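Visitor: Right, I'll just put the structure down here and ask away after.
The values are calculated or read from the model by the stated rules, or taken from the named source; none is laboratory data. It should be emphasised that the depicted structure is a prediction, and the values quoted were computed from it without experimental measurement. No Cβ is skipped: glycine too gets one built from the backbone with ideal geometry, and neighbour counts run over all protein chains shown. These area figures cover heavy atoms from the full protein model, side chains too; ligands, DNA and RNA do not enter into them. Shrake-Rupley method; radii C 1.70, N 1.55, O 1.52, S 1.80 Å.
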Amino acid sequence: MQLTEVTPSAPDRFRLVSGSSALAAAALAPATHRAYEGALRRLAAWLGDRTLDDASLEAYLEHLHAAGLAPASAALAVAAVRTAARARGLTLHLPGTEAALAGFRRSSPGRGRGQAVGIQWHQADAMAAMADADGSLSGIRDAAIIAVMSDALLRISELAALQTDDLSLNDDGSATITIRRSKTDQTGETAELYLGPPTADRLRKWMRTASICSGVLFRRVRRGGHLGPGPLRPSSVAAVLAKRAAAVGIQGSVRGHSLRVGSAQSLVRAGATLPEIQQDGRWDSSRMPALYSRKEAASKRGTARLRYQANS
């Protein structure tokens, strides 16, 4: 697939042209690469023959705002342009665009799909139990998927990429999984993540029932309960979560990272510190786990704890 490329046409002015990837030199996760590629294509289509500069990019953000899009769409476009320019050794000065983006965020806080509903530990346990209870091969698989994602705060891409070699079963009944590459670890330094005994049991049951001894850990299940040859796609994992959440009455926007959000919330409720949550979820900064768990954290702060002895 051809990508959109940023090329210089004059100081601080650039053309968007179709050609070899301007993003190729950037160290991007595959999903980020695709998102930036799409954002640049949409911008190029809107620009037509016009030159890309601070004024035209600012106008593009105004176009997105008028079209009712969320601030995240505008931020994605700006990030894509900056990344493509950096990959070619260029630095963009975009004061008007940055001001427009800040105004976009202030004026449109409620736009977009909103935060994914968090699936907390007790809800994940209920989902896994109900999936397992139907006795089907897909139900046993789904129960293991839910338990693993909840314990390890996995992204769906990480879950879909797991191999049997990434799993180590421990003598005490627990297990450890190795994440060899993730959104925040593109250099492959790996991470070792803990799975509790109940989750390890679900994994053993899935592997035993599906006769999986090597290769991809989670796979497609065809109609009739037959194991498919290929890996489970991330979109299929997201569909599993939505289906199993609906089955236990969880309402709201259930998405691929709902288990990550919910586990962060559960960790706060259990007394974990923000650095501990950040480490468990492998977040580069504390911003996202703090955002996800802000409601749970409110009852842990000074007034609640010291004046009203909340959670004491």
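Visitor: How high is the relative contact order of the stretch 116-213, in percent, counting Cα pairs under 8 Å that sit 6 or more residues apart? It would help to have the intermediate numbers written out before the result.
Guide: Values: 115 pairs, mean separation 23.6, N = 98.
It rounds to 24 percent for the stretch 116-213.
Visitor: Quick one: Cα centre-to-centre distance for the stretch 208-281 and the stretch 76-96, in angstrom?
Guide: The two parts, judged by their Cα centres, are 35 Å apart.
Visitor: If you stretched the chain out fully between Asp172 and Asp284, how much longer would it get, using 0.36 nm times the residue separation minus the C-alpha to C-alpha distance? Write down the numbers at each step before the final one.
Guide: Values: separation 112, 0.36 × 112 = 40.32 nm, distance 3.10 nm.
Going from the current span to full extension adds 37.2 nm.
Visitor: Sticking with this structure for a sec: Could you list, bin by bin from short to long, the percent of Cα-Cα pairs of the stretch 29-71 in 5 Å steps?
Guide: The calculated distribution, bin by bin, is 5, 20, 24, 26, 17, 6, 0.
Visitor: May I pose another question? Say the dipole of the stretch 74-182 comes from +1 at the beta carbon of Lys and Arg and -1 at that of Asp and Glu; which of Gly103, Gly135, Val117 then lies farthest toward its positive end?
Guide: Result: Gly103, furthest along the dipole toward the positive end.
Visitor: How much of the pair distance distribution for the stretch 191-266 lies past 21 Å, counting alpha-carbon pairs only, in percent? Write out the running numbers ahead of the final one.
Guide: Details: 1153 of 2850 pairs.
The proportion of pairs with Cα distances above 21 Å equals 40 percent.
Visitor: Please list Thr51, Thr199, Thr91 in order of solvent-accessible area, largest first, computed with a 1.4 Å probe with all protein chains present.
Guide: Numbers: Thr51 40, Thr199 10, Thr91 120 Å².
In descending accessible area the options line up as Thr91, Thr51, Thr199.
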